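The structure under discussion appears below in the form of structure tokens.
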Amino acid sequence: MKILKKIVRWGLSIFLASTILAVVAYRFIPVFITPLMVIRCFQNGNLTIHHSWVSLDEMSRHIPVAVMAGEDSRFLLHHGFDFEAIGTAAKRNLTTGGTKKYGASTISQQTAKNVFLWPGRSWVRKGFEVYFTTLIELFWSKQRIMEVYLNSIEMGDGIYGIEACAEYNFGKSARDLTRNDCALIAATLPNPRKFSSRNPSGYMRLRTRQIKSNMRYIPSFPKEGEDYDPGTAVGSTYK
């Protein structure tokens, strides 16, 4: 029994130390590959990954605002978890009787999942997601979370990150994406393997217009060290 306790104690210590070190390291170094990228390679039987890391300064100024408008408009206000959105999603799920599942995953949670975890809906994976979300909110700035999110998120079949998406779907660099381009990309993010920013459907165009409208009420994304006025923020929408 003593040996088992010792093994558990050492295992927990190693896990905590290694995960904290990994989070701190990724605060400064680019994330070139994620578990999801590797998993998709095996799922698709294709080892090709389209991914290029670019800094937040090298992206269109519209893209952070667009993904906030589409995915997490309270991103700059919460500390990783939007409890208001969670409550709303829970009520909507009860109303639908489980026929359609609504989520309330924040950009911070999605970043934690994309960089450190595997896709899935188990309670074990959700527990790890909460843990890593807490860590990145502690050790990273909001600007760093957004930068890693926009560089690591899946944006099409074998396409990861905003630079690769801009190149393969729009024929330009991330810096040159227009406001409409960015809204269209944000419109695909709930399911980028189903919805295409290269060949958008009528539904995608409608959702793009909704996101563009919502972008008017979200301030420009602040640079590192800049103050943010929460009085201009809006509630979470389009979950």
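Below is a table of values for the structure above.
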read-out: Projected area, mean over directions - region 114-179, Cα convex hull, nm²; value: 5.4
read-out: Spin-label pair residue 220/residue 173, simplified geometry with 7 Å Cα→Cβ offset, distance in nm; value: 2.0
read-out: Mean Cα-pair separation over length for region 159-224, i.e. relative contact order, pairs under 8 Å, 6 or more apart, %; value: 25
read-out: Cα-Cα separations in region 16-80 greater than 15 Å, expressed as whole percent; value: 72
read-out: Nearest-10 value in Å² for the accessible area of residue 220, using the 1.4 Å probe; value: 90
read-out: Carbon and sulfur %, accessible surface of the chain computed with the full protein complex present, 1.4 Å; value: 59
read-out: Estimated distance in nm for a label pair at residue 17 and residue 134, the labels positioned 7 Å out from Cα along Cα-to-Cβ; value: 2.1
read-out: Chain lengthening between residue 157 and residue 33 when straightened (0.36 nm per residue, less Cα-Cα); value: 43.1 nm
read-out: Candidates 140, 53, 123: whichever shows maximal mean-square fluctuation once the chain is modelled as a Gaussian network with Cα springs under 10 Å; value: 123
read-out: Options (1) 156; (2) 180; (3) 130 - which one matches volume of the Cα convex hull per residue in Å³ as calculated here; value: (1)
read-out: Largest-first ordering by accessible area, 1.4 Å probe, given options 209, 74, 61, 40; value: 61, 209, 74, 40
read-out: Förster-model FRET efficiency, 25 Å R0, residue 210 and residue 55, C-beta, rounded to 0.05; value: 0.30
read-out: Dipole in debye (nearest 20) - the chain, about Cα centre, beta carbon charges: Lys, Arg +1; Asp, Glu -1; value: 1040
read-out: Sites residue 48 and residue 199, calculated FRET efficiency, Cβ-Cβ separation with R0 22 Å, nearest 0.05; value: 0.65
read-out: Calculated diffusion of region 106-239, Stokes-Einstein form, Kirkwood radius summed over Cα pairs, 25 °C and 0.890 mPa s, µm²/s; value: 152
read-out: Solvent-accessible area per residue, Å², over the chain with all protein chains present [probe radius 1.4 Å]; value: 54
read-out: Computed [θ] at 222 nm, deg cm²/dmol, the chain (DSSP H ≥ 4; -39,500 (n - 2.57); rounded to nearest 500); value: -16500 deg cm²/dmol
read-out: Average Cα contact separation per residue, the chain, under 8 Å, 6 or more apart, as relative contact order %; value: 29
read-out: Rounded to whole Hz, the Karplus (6.51, -1.76, 1.60) HN-Hα couplings of region 25-30, x for glycine and proline; value: 4, 6, 5, 10, 10, x
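The values are calculated or read from the model by the stated rules, or taken from the named source; none is laboratory data. As the structure is a computational prediction, the values presented were derived from the model and not from experiment. Note: ideal-geometry Cβ built from the backbone for every residue, glycine included; neighbour counts use all protein chains shown. When the accessible area is computed, the model is the full protein with side chains, heavy atoms only, and any ligands, DNA or RNA have been set aside. Shrake-Rupley method; radii C 1.70, N 1.55, O 1.52, S 1.80 Å.
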